[in-house]
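Just so you know, all these numbers are worked out from the coordinates, no wet-lab data involved. The structure presented is a predicted model; accordingly, all values stated were derived computationally and were not measured. Here the Cβ is made from the backbone with ideal geometry for all residues, glycine too, and neighbour counts use every protein chain on show.
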Amino acid sequence: MKLFHRTNRRVELTAAGKTFLQKAYQIMDEIEKAGIVTRLTSAGIAGELSVGFAGSAWDLASVLRHFRRKHPDVGLFLWHMNSAEQIAALHEHHIDLALLTIPVNSEQIAMKPICEMPFVATLSADHPLARKSPLHLRDFRDETFITTAKSVGFQYYNLVMSIFRKAGFAPREIIQVHDFQTMLLLVQSGMGFALEPSPGNEIDGIVRRKLADLDLAITPCMAWRKDNESEALRLFLDVADEYIASRGKAGSSD
C-alpha cells in the first residue's frame, strides 16, 4: 500500500495515506480520551459524555454551564464536527450526543428538536449598520461577507448563498473560513458580517440583528443512539430539556 507520492520537490499523501492519517488521529484521540477517563474515574468523577457540535462553542456555553452546575462529577468531551461527521461518529460510537442541523434517516438514532433559530445578520458592535433600523439584507451590498467554506458544511453554505441569489445580488467580497469560531472572531474584529441562525446568547463585541427582508429559521436537534444506556447521557438530556423549557418561558414572557 502506497501512502506517499514523492517527487524531488515535495511529498504528498495518496488517498490511502490520507485515510490512514485520519484513522491514526482517531486512534490517538481515543487513547488520550481513555487516559483522561481513567484519571477522572480515579479522582471520583462519575462518568463521561462526548458531545459533537457544529457552529461555535459559544452556542453551547449556556447549557454546558447549566449542566456543570448540576453535575460537576461528569467529565465532558467536546468535538467540533460538521453534521455528516457527527452522524458517522454516532454510528461508530465515538460520541454520545450530536447537535445537528440536518435530519437523520436511521432507525438506530433518536432525535429531539431544541428550538427554532432565526437567521440574523451578525456584525461587530461598532459596525455602521449595527444600530440601523429597520435593517435589510441589501444594506450589506457593499460589505464583506464572512462564511464557513463549502467543504466545512455544504448545506449551510448553499443555504446562505441562496439567500443572496433571492435578494438579487452577490456579496462584494467573501472571506471563507473553516469553523464558526473563526468566523465570529473576524466579525468581532470588524472584518465583515455573517448570516447565521441565532442561538440567542450574547457575545461581547458582536450584535445579532433581525433583517426585515429575511424570514428564515432552522430547528437544530439533539441526536443520540437509541441503544446508548449511558447515565451521563440521560442526565444531559434531562438538563437540556429543563434549559430549553426555561428559554421557552422566558421568550413567551417578552
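Peptides 86-96, 167-177 ranked from most to least packed by the mean count of surrounding Cβ atoms within 10 Å: 86-96, 167-177. Both radii come from the Cα set of the stretch 117-217: Rg as radius of gyration, Rh as Kirkwood radius; their ratio Rg/Rh reads 0.91. All other residues whose Cβ lies under 11 angstrom from that of L214 are scored, Lys and Arg at +1 and Asp and Glu at -1, for a net of +2.
The distance between label points at R68 and M191 comes to 2.7 nm (points 7 Å beyond Cα on the Cα→Cβ vector). Whole-Hz Karplus values for the stretch 150-161 come out as 4, 5, 6, x, 5, 5, 5, 4, 4, 5, 5, 5 Hz, taken residue by residue from phi with 6.51 cos²θ - 1.76 cosθ + 1.60 and θ = phi - 60°; glycine and proline positions read x. Taking 0.36 nm per residue of sequence separation and removing the Cα-Cα distance, the S162/D213 pair yields an extension gain of 17.0 nm.
With the convex hull of its Cα atoms as the shape, the stretch 139-179 has an orientation-averaged projected area of 2.7 nm². Distance between the modelled labels on K226 and A149, one decimal in nanometres: 3.8 nm (7 Å Cα→Cβ projection).
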